[in-house]
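Student: Submitted below is the structure of interest, expressed as structure tokens.
Every number in this text was worked out from the coordinates using simple rules, so none of it is lab data. It should be emphasised that the depicted structure is a prediction, and the values quoted were computed from it without experimental measurement.
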Amino acid sequence: MPPLRRSTRPARWLRRTRASSSSTRRAMRRPTRTPDSAGRAPSPPATVPSPFMNAETLAIYPGSFDPLTNGHVDIIQRGSRLFDRIVVGILLNVEKAPLFTVAERVDIAREVFAEYPNVEVDTFDGLLVEYARRKGAGVIVRGLRAISDFEYEMQMALMNRHLNPEVETVFMMPAETYTYVSSRLVKEVAALGGSITTLVPTIVEDRLRDKKRAGGKS
Ligand code: PNS
């Protein structure tokens, strides 16, 4: 895992979008043009309005993060460059039996992203789109590692769109080195004594080792 780099500036394309946003707004305010005297249809406005034009773009990256892997870290780093702010939303899921408590998972993510001013770590329960509405987020970020993720992710994205069409799901691909990494496999490998050094942040490796020593599930 390369060292975490502090990211304070949004991506270049986003800065360009913002720079052009006042002209975009002007274009949108123009009155509807009527056909000319020869009956020709008016040409469309030169600029297509951008969904990012109005305010800062807040994205939510939801998940269980039990535990955070380098694949998650990679997506969050990419998201922090793409959006003004990204909230890592850890699900308070009473039905699953997690290895790490929610407090531990929050702790880990906060430590890993301590140097990222535009990454927030939070928890939520209930509907994700309701949480997004409460936070004022217009984007849900999900990672897509392989085709096998696609069906489940598409179902979720379309269900979330059905529940709130104003929230857009954005899929991001992690670096190919992490396409086989999942929290479930990391826990299994750690429990059986395999190396997970390159697959998770150091703090996660340490905490998994502590849990194994303490006689927990790993
Ligand atoms: O890391 P995971 O476990 O794949 O994350 C799944 C998560 C948390 C994104 C999903 O279970 C979720 O959004 N739960 C909140 C409940 C909800 O909104 N359900 C309807 C969405 S289809």
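Student: From the backbone phi of region 63-76, what are the Karplus-calculated ³J(HN,Hα) couplings (6.51 cos²θ - 1.76 cosθ + 1.60, θ = phi - 60°) in whole Hz, Gly and Pro given as x?
Tutor: Whole-Hz 3J(HN,Hα) from phi for region 63-76: x, 8, 6, 10, x, 4, 10, 5, x, 4, 4, 4, 5, 5.
Student: Just need the relative contact order of region 111-204 here, percent rounded to a whole number, with Cα pairs under 8 Å and 6+ apart.
Tutor: 27
Student: Separate question: Which far-off residues, 5 or more places away or on another chain, put their amide H under 5 Å from the one on residue 169, with H placed in the peptide plane?
Tutor: 140
Student: In region 121-214, how does Rg compare with the Kirkwood Rh, expressed as the Rg/Rh ratio over alpha carbon atoms?
Tutor: Reported Rg/Rh (Cα atoms, Kirkwood Rh): 1.06.
Student: For region 82-127, what class follows from the C-alpha gyration tensor (a ≥ b ≥ c being the square roots of its eigenvalues): rounded when a/c is under 1.5, otherwise prolate if a/b is larger than b/c, else oblate?
Tutor: oblate
Student: Once amide H atoms are built 1.01 Å from N in the peptide plane, which residues 5 or more positions from residue 143, or in another chain, come under 5 Å H to H?
Tutor: 172
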